[in-house]
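Have a look at the structure below before the remarks.
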Amino acid sequence: MTHEHSAHAPVHGFGADRAAHYDAQAAVSLAGYQAAYELGVSALAARLDGQETASLLHVGLGTGAELVPYLRFNVPGWHFTGVEPSGPMLEVARKRLEAEGLLSRTHLHEGELRTLPQGPPFDGVQLMGVLHHVEGEDARVELLREVTRRLKPGAPLVLGCRIGQDPELTNVEFRRLRTYGVPLEKLEARRQAMAKMQPIESDAALFAMFAQAGLVAPKPLFVSLQYKVFLARFEP
């Protein structure tokens, strides 16, 4: 689960220093961090149940943690393509996937999704923590279209992102971070960064973007304050 990119340029701030500590930071920042990954994989596995072979695309792979739950699902014939613009994050992913025995069936691509060479369409896709870092609705829709251009008809999509900017829920989030010992200066920097962020306004706004990319029947999988994960289906 990572920042990934805008439709045109990588987001800064995901270099070697942050990559080394990203998972520990994310576990504090997002309550239910591991559950979000597990439910995403569960949804893809349920939609593709019975397929001995499958090819899955993971956009904004980050440190590779979102692939680890596949080990529980006994799908040795499934293969993965992880796209990530941050070289340091991808290096962490490489080491993790090698340690977990997943690297041999994972293709890692450094760069934005649009730089991934075209190949056979994928059976499913996951984008966790990506879309809210893309600036503007047009760019967000273009990213979703870039995703669906690479999918088989009927393929499932799992997407997680921040939705809305409710002051009361933001206060809940920051009170929890204080309890976890996040320093006040880091909290203030986070608050300023969130004020500049333009999150997707609502579930309805996200679903409207889905529709423009041929994604239908969205269903909620997970909610943690203002971070939500949905399952949808590509129908061109």
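FYI, it's all coordinate maths here, none of it is from the lab. Because the structure is predicted, anything quoted here is derived from the model rather than measured. As a convention, Cβ positions derive from the backbone with ideal geometry for all residues, glycine included, and neighbour counts pool all protein chains shown.
So here's what we get for this one:
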| item | result |
| --- | --- |
| GNM flexibility winner over the chain from R162, R114, R190 (Cα, springs under 10 Å) | R190 |
| Residues in the stretch 62-87 that a label on A99 would reach, taking backbone N under 13 Å of a point 7 Å out along Cα→Cβ | 63-65, 68 |
| Structure-based [θ]222 nm, the chain - -39500 (n - 2.57) summed over DSSP H runs of at least 4, per residue, nearest 500 | -12000 deg cm²/dmol |
| Max mean-square fluctuation residue, GNM over the chain, Cα-Cα springs under 10 Å, options Y37, Y180, Y70 | Y180 |
| Restricting the stretch 72-172 to GluC sites (Glu not before Pro) in coil, as DSSP defines it, with at most 15 other Cβ within 10 Å | E135 |
| Relative contact order for the chain, counting Cα pairs under 8 Å that sit 6 or more residues apart, in percent | 23 percent |
| D (Stokes-Einstein, µm²/s), Kirkwood Cα radius, the stretch 114-209, 1.002 mPa s at 20 °C | 138 µm²/s |
| Degrees, to the nearest 10: 203-212 long Cα axis against longest axis of the chain | 30 degrees |
| Shape of the stretch 76-126, Cα gyration tensor, a/c cut at 1.5 | oblate |
